[in-house]
Every structure is written in C-alpha cells, then in structure tokens.
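The values are calculated or read from the model by the stated rules, or taken from the named source; none is laboratory data. These numbers were taken from a predicted model, which means no experiment stands behind them. Cβ placement follows ideal geometry from the backbone for every residue including glycine, while neighbour counts extend to all protein chains displayed.
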Amino acid sequence: MIRYKFFIVFMIALMCGAATSAQEVVSRIAGLEENKAYMDLLRSDNELRVKTDSLLAVIRSVRSQIGENVESRDSLAMASSDSLMVMLTDASNAVYSMRLQKIKLIDQINVIEQEFVLSSMGNISGAQAAQNTGSIFTNAYLSKSLDPDDYKLLLELQAKEAQVNEYANLYVLNYNKVRDLADKYLLARDEASAESVYGELEAVMDENFVLERQMAKVWTEIYDHKCYVYSYFLEKENREDILELTENMMMEAREEKLSSIDNCVSEPLADYRLQKPVVLNYETYIAKLLNVTSSIDSLTNASRSVRQIDYRLPKIDVARRSFVDYQAIEFTPRSPYNNSNPIPECVVYEYGTIYRILLGTYKYKQAVSIFRNASPLCIETLEDGRFSYYAGGFKSRAEAEAAVEAMKKKGFRNPQIVEWCDGQKTNLSELGDGAAITYRIVIKGGELDDTVHEIIETMAADCQISKSAEDTFVVGMFASRAMADRVAQAVQKCDENLNVTVDEIRPEPAEEEEE
C-alpha cells in the first residue's frame, strides 16, 4: 500500500513538473506588452493552468481505477481503492489550492488591464448633462441612444441576471455534493448502503441536469442581446477602439472554452463564467463613457465574484452498481440443504435484473427432498402466506429458458421463468408473449417550453411526447417505474406550474381457453 501511494504521488509530481514548460504568453491588451509585472502574471497564470489540468488528468485516472476495482468485487482490489481514495483527496486538495492562487492572479491581471484601458478613455460630452443616476441602465443618454424595444428588453434581461448567477453557484455547490456522494457510493460494501447513497446522488445529478438547461436558456438570451445593444451603442459613438477591445475579449473567451474542453464539467456553466466578465467589461467601459463612475466599483466586484465560479472541473460519470449474484443450477448426489442449513430467503435486489426458475408454490413449506438435489435454491414467502421455491439465478432470459428445459428433463413438471427487474417481479411464463407492465408520464397545466422538451428528449430518448388534450401531454412508454419517476421529477423542477404524474399501464389479462 505504501509503495502504491508513493507511486501515485510520484506520478502527480512528475506531471506537475512537466507542466511547467508552458507556452509563451501574449499580452491580452495592446500597449501592455512592456509592462513586466503584467506579463509575469500572465506567465504564472498560464503555468498554473497547465499544472491544474495535469492534476485533473490524474484525478480522472484514479477515479477510473477505483471504478474498475469496485466492479471486480475483489477484496484486494477494494483495499487498493481505499488507498486510491486517499490519493484522490490529496490531489483534489492540491487542485483547490491552485485554484485559489489562480483567482488571486486573475484579479491582479484584471486590475492592471482595467486601469490601463480606463485611463485612456474619455467621456461622452453630451452624456454628462444627462447624467442622473448611478447605473447605466437608467441613464438618460443611453436610453435615448437605443431603440425603445431594445432598451425595454435590456432592462428585462438585466433583472434576470441574478437568477443566472444563482443557477451557476447552485450548480457548483451541487457538483461538490455529487463528487462526495460518488466517492461514498464507490466504497459502499453492500447494496443497501450503496442504494441509499445512490438515491441522493441521482437526485442531485438530476437537479444539475435541469439547472444546466435553465442556465443555458436564460444566459444565452442575455448575452446575445447585451452584446448586440452595447456594440450598437459603441458603434454609434464611433468608439471603434473599445469595440475592437471587447471583440478580442469575446474571441479569447471562445478560445479559452475550446482549450478547456477536456476539463469542462458543463458547457452552459463555462459560457456563463467566461462570457459574463466580457459583458461586465462592456458595461464598465460604457459607464466610463457616460461618466457613471460610481458604478465602476460595483461592476468590478461583480466581475471578481463571477471569476470565482469554477467550470474547469473533472466530469463525474457514476455507473450504477449491480450487486446481483448469478448462479447456475447444479444437481449433486446429496442436497446441500438440511435442518442446520435451510433453504435461504430470496434476495430482492433494488437494482439489476435476475431470472430465477420457479419450481412451485405451496401452502406449506416443503421437504428438501422433492427438489431432486438441485441448488442453489431460495424461498419466497408470499403475502397470502404461501411459499414459492426458486432455483438458480441467471443474467439473461436465454440462459433461463435453457435452464427450464434442463429442469424438465430432470422431472420437474412446470418450471417457470420469473424475472426481477429493479425489485419488480414478473412471471414471464404466465405472461407469455403479452406486454409487460409499462408506465407513462402525464403533464397538465400548459404548453411545454423548449427546456422541458430538451430534458425529456435527453433523459427519455426512446419515448414519444404526444398531446392528448388542449393542456395535456403524455410521455411514454417507460419500461421502468424508476426511470419514469426520474423524468417526471426533472420536468417538475424545470416548471413548477405544471402538474406531472406517472401512470401505470397494465396489460389486459389473457382470456382462459376452455378445456
């Protein structure tokens, strides 16, 4: 374990050491190339970024190895996972420390850039007389310079910005919860504890799934309109210098997003984190032109706050763990079951699919001898007090069908295939070729917007959305109640005004043939 830990630490140090050979940086603002302090800060920021990315690659690799160890169900592998989890914590702490350093560097870089740009800007002479507020959004000169409809929409979108910021911060907070729950889930030793954690994990991941789409919808509208309005205003004022500066910033934001694609946890979050400072710079420069200098400090603080939102995080893909234990049927000279080793109760797994062979259902418990020394066996106590006896446990229906034929040859008169899927039991032999139980989502209360449509189409790609009435939509069919519930909850979170329910659709019972 110590050697393994040393090896991981060595790999982290090696990757971080190699990362220091960063590319030469270029000034982001023309005229600052000769400012040594500024250029040194850019170099430090670039080197820190490469080191962080290297550590993120290590974290992804370690998480992948832990996942493989868990799937093997080997005691040695699980012990190795405990050591790897310690390494994961160390690497994550190192990344967090580097991010704090990066935030300080970016603040220093931004201060130099902003002071340099603002010092060379003048004011619009006509704006000073119209100055009557500490905000550009209620500034008389700006409002008169814009189309009334554009100005009205600008004010409406400005009121929505706080909502987007709330979405972004909540997404990052949820990401941290997902990371901690995912680690806890991987190390769970039994299904009961694992499923308890997975329920929490699934709920937080679904919430972030909805938050992403809400963030993308609102922020895209804000960003597109603000950039259009501000560019129009600057062009009207013949400030080509500021237009060129802001267009370069927009291009840099796009390039930074592309360069971070491997470590981008969420594209909508990245868009907001990288584009919001561009918008704030627009507003800072316009505030200076309008002589609304009292708003510059608040705009600077807002920019510093949004830059602390981290989008360069490793994606966490959590594979659902199955604890199902499959066993083929064997026949031995002597039954392994007796008074001291009775037939065990059937295990019902919360997740996964298993096929068992039903040997018979009886009013009273049966002697082991009637089961012809077959094993493994298990017993299920029904609600009416009867007892069902099963043999084996198979991964596929084809394996179960082969087992049925083998059981018939051994003298069992009517062996039947019973399927348990995510805890739900279905006697497939009795069902025959008929349809299984299915589920559908019913949505009432209004039209479905694009965000709701995207959520349904992403989470339930195989299900159709149909309109059954003026304000009623149906989504289905779902083979699993659990999946139908998940999609329904996501839709409800996206639009609380909708009434979302899940209906169970049972097949019509087959008519009995007369003998």
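Odds and ends about this structure:
- Residues being among the β-branched types (Val, Ile, Thr) and surrounded by 21 or more Cβ atoms within 10 Å (Cβ to Cβ) - total across the stretch 339-358: 3
- Counted residues, the stretch 411-427 - those being assigned to a loop (DSSP other than H, G, I, E, B) and surrounded by 14 or more Cβ atoms within 10 Å (Cβ to Cβ): 3
- Inter-residue pairs, beta-carbon under 8 Å, first at negative phi and in the stretch 375-389, second hydroxyl-bearing (Ser, Thr, Tyr) and not in a strand (DSSP E or B), 6+ apart: Ser375/Thr332; Ser375/Ser335; Ser375/Tyr337; Leu377/Tyr337; Phe387/Tyr364
- Boolean, Glu33 is touching a helix residue (DSSP H, G or I) at 6+ places or on another chain (Cβ under 9 Å), surrounded by fewer than 15 Cβ atoms within 10 Å (Cβ to Cβ) and either at negative phi or assigned to a helix (DSSP H, G or I) (or both): yes
- Residues of the stretch 279-310 that turn out to be more than 38 Å from the chain's Cα centre (by Cα) and farther than 13 Å from Leu234 by Cβ, as a count: 4
- When residues of the stretch 470-482 are limited to those that are out of contact with any Cys (no Cβ under 9 Å at 6 or more places or on another chain) and modelled with pLDDT of 85 or more, the one nearest to Gly352 (Cα to Cα): Val474
- When the residues of the stretch 13-61 are filtered to those that are over 24 Å from Asp310 (Cβ atoms) and of a type in the set (A, V, I, L, M, F, W, C), the one that is modelled with the lowest pLDDT is Leu14.
- Residue in the stretch 367-374 that is part of a loop (DSSP other than H, G, I, E, B), among the basic types (Lys, Arg) and surrounded by fewer than 21 Cβ atoms within 10 Å (Cβ to Cβ) present: yes
- Criterion: modelled with pLDDT of 95 or more and out of contact with any Leu (no Cβ under 6 Å at 6 or more places or on another chain) - qualifying residue of Gly411, Gly392: Gly392
- Residue in the stretch 248-293 that is farthest from Ile29 (Cα to Cα), counting only those that are touching a Phe, Trp or Tyr at 6+ places or on another chain (Cβ under 7 Å) and among the hydroxyl-bearing types (Ser, Thr, Tyr): Ser266
- Residues of the stretch 468-490 classified as over 21 Å from the mean Cα position of the chain (by Cα), surrounded by 16 or more Cβ atoms within 10 Å (Cβ to Cβ) and among the β-branched types (Val, Ile, Thr), total: 2
- Among the criteria (1) at pLDDT 95 or above; (2) not in a loop (DSSP other than H, G, I, E, B), the one Asn301 does not fulfil is (1).
- Any hit, the stretch 231-253, residues being surrounded by fewer than 18 Cβ atoms within 10 Å (Cβ to Cβ), out of contact with any strand residue (DSSP E or B) (no Cβ under 9 Å at 6 or more places or on another chain), of a type in the set (S, T, N, Q) and modelled with pLDDT of 95 or more: yes
- Cross-chain or 6+ apart pairs with Cβ under 8 Å, the stretch 198-227 first and polar (S, T, N, Q), then outside any helix (DSSP H, G or I): Asn208/Ser266
- The one condition in (1) at pLDDT below 80; (2) loosely packed, with under 13 Cβ neighbours inside 10 Å; (3) part of a helix (DSSP H, G or I) that Met78 fails to fulfil: (2)
- Of Leu186, Leu142, Leu157, all but one fail to be modelled with pLDDT of 95 or more and either crowded, with 17+ Cβ neighbours inside 10 Å or in the same structural domain as Glu454 (by TED's automatic domain parsing) (or both); the exception is Leu157.
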